[in-house]
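The structure appears right after this line, and notes come after that.
The values are calculated or read from the model by the stated rules, or taken from the named source; none is laboratory data. None of the values given here were measured: they were computed from a predicted structure. Every residue, glycine as well, gets a Cβ built from its backbone with ideal geometry; the counts of neighbours run over all protein chains shown.
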Amino acid sequence: MDTEDGYVEHVEVHPANQSEVNKLPGIVDALIEQGIQPEDVLADKRYASAANREYLQAKGIGDLIQLKGSRGHPVHPLQTQINRAIAKLRYKVEQGFGTMKRRFHLSRARYFGVAKTQAQMAWAALGVNLLKAMRKLQSGRLQPYAGSSPS
């Protein structure tokens, strides 16, 4: 999701029995292929790994992945403050997920299989984006395209 406006830019579904930690490079590469060059990546602790941090650094993308402690090595208080600052930036992303869950009933997948669940998520993302655009048009923060005519 875009942190500026909260629009969904890419949807990718993976089976629940696969770890998310190694999926970050594929997601970022898919965005770049779509012509979207991310400046920073905001992510929760599930994506915290040395490999992901090295990948982002090699691509010149800012690393805003929350920091994670390990057994016997809890998160330092300074790292806790960093995690709080990152969480304040991630609220638009979390709002989008909340809207998808509330308005489009995505608390559970309706279908079996990655392809059908991917389609369900894509339709929900489209719905969230249309809802956001409609609200921006109504509030006057988004102007209609100059070449369009009302129907």
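Would it be correct to say that MET121 is assigned to a helix (DSSP H, G or I) and surrounded by 14 or more Cβ atoms within 10 Å (Cβ to Cβ)? Yes. Screening ALA51 against (1) under 25 Å from ALA122 (Cβ atoms); (2) more than 14 Å from the chain's Cα centre (by Cα); (3) loosely packed, with under 13 Cβ neighbours inside 10 Å leaves a single unmet condition, (1). In region 109-125, the residues that are closer than 17 Å to ALA16 by Cβ and in contact (Cβ under 8 Å) with a residue 40 or more places away in the chain form Cβ pairs under 9 Å with partners that are of a type in the set (Lys, Arg) and assigned to a loop (DSSP other than H, G, I, E, B), at six or more places apart or across chains, as follows: THR117/ARG110. Selection of region 99-110 for residues being surrounded by 12 or more Cβ atoms within 10 Å (Cβ to Cβ) and farther than 16 Å from VAL13 by Cα yields THR99, ARG103, PHE104.
Just one of the listed residues (GLN37, GLN18) is farther than 30 Å from PHE112 by Cβ, of a type in the set (S, T, N, Q) and not assigned by TED's automatic domain parsing to the domain that holds LEU126, namely GLN37. Looking only at region 12-33, filter to residues that are closer than 23 Å to ASN129 by Cα and modelled with pLDDT under 85; which one of those is nearest to the chain's Cα centre (by Cα)? Ranking the candidates gives GLU12 first. Between VAL8, VAL75, the distinction of being over 29 Å from GLY127 (Cβ atoms) and of a type in the set (Val, Ile, Thr) belongs to VAL75 only.
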